[in-house]
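To start, the structure under review is shown below, and the notes come after it.
Any read-out appearing in this document is the output of simple, stated calculations on the displayed coordinates, not a laboratory observation. Here the structure is a predicted model, which means the values were calculated and not measured.
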Amino acid sequence: MNATWFKEPKYAWVGLGSLWIIGFIGALTRFSMSYFQVNISEDLDISRGFISMAWSTNALITALCAPLGGWLVDRYGAKKVLLISSVMGTLGTGIVVIGEHPSIFFIGYAVISGLAGIGTTTTYLLMFEWFSHHRAKAMALLTSANSVGLAITTPIFVSQSWLTWKDAFLTSFILSLLISLPVIWLGVKGHQQNSAKKDQVDGSIEVENHNHDKQETVAPSLKRASHLPIFFLVGIALFTCGINMGTVEMNLVAIHQLANVSPSMIALSMSILGILEIVGSVTFGFLLDRFNKLVMMAMLFGIRIMGFAILFMHVGWSPILFAIAFGMTYLSVIPGGILIFNEYAEGKGKQTGFLFVFHQAGSIMGTLIGGLSFDYFKNYQVLIGFDVVICILVTLGFVALFIFRRRSHRLHNVHNAKVSV
């Protein structure tokens, strides 16, 4: 009999811890590309447009690899895919470290690290496989790893001026080589026992019964009919999330600098952003396990509307207020969207991978819109305003779908009642 912790198999929590460590290490390259954009440009004698192109190419290759990774997981298993993904990421980071030429930087970061995208969907699929009772919480804890890394890394590199972007990439390379690869090999199970799968099914049934009074139960025919609109709504939501993240990851520091925000305020806001990402992911992970996920997604994008509106106004406390608002929602849209699709459409690896294509496409567009916006208007107001508009549309979409499903469910119950009479 498998040992359990909090109603979940022990190996599930061990695997979650292993994946969390890998995500924590990955925060170093994310921080470097965001905070050291000017330094990278000066050291390699390249334009910010070149860096944006490298960022966008990385996102594009990651997007193209996501469905492939999902298919490989369905066919060969998650552990092998994770190992290959980690090897590609480590190799790409190493090439960036040893390279002194723009083309080597581009190949290492944009191309090789982008190929690590075959593991993008793997961790989420493992959460579905491993967890039954605490699935959303597990996904929230997993996504918090990158944020913890950001929250810890920011004050260290800001306070120690001698540390550079190459130090961050070198540290990431060493930690990936010495920790990430062994952790995947030892901490991630290659195959689950039939009993574990049975426990998952039983747990899923128990959760469904437990939440019967809290959440609507969708008739099978209604579920089949709603697969396509749910897929597209979730896809559009992830596309919007990608644009939001492209705005923040690539342009937020530049936005603050253009608004004459002091370096200390920028550093403080970035640290707060990382901390609130952790708080938000855990909070919404808890809420997604207990309340209607459509309502939660509408709430997430509603908070983002307020955050981008505050950023657009550039008032004195805009950096802090935006960090709080966006940080609370930063890591919850992707897990929430995948949970919705998995719940209503029983999505598999390949389908989940295609959803990530939407997200990465949005990230590419957000980055490019930011560059074009600055080139033509010498500011980022168009980009921020665009973020506000698309978040409003997505919020209305989730609200409309929730109302439609409630109405359809009510009519279905009335029809069944008449038939039974």
How much length, in nm to one decimal, is gained on full extension between Asp167 and Ser264, taken as 0.36 nm per residue of separation minus their Cα-Cα distance?
32.8 nm
How much length is gained if the chain between Ile179 and His409 is pulled fully straight, taking 0.36 nm per residue apart and subtracting their Cα-Cα distance, in nm to one decimal?
77.9 nm
Distance check, please: which entries in Lys10/Lys80; Lys7/Lys80; Lys166/Lys189; Lys7/Lys189; Lys166/Lys293; Lys137/Lys378 exceed 30 angstrom between their Cα atoms?
Lys166/Lys189; Lys166/Lys293; Lys137/Lys378
Row for region 1-99, column shape: gyration tensor on C-alpha, a ≥ b ≥ c, rounded if a/c < 1.5 i.e. under 1.5, prolate if a/b over b/c, else oblate; value prolate
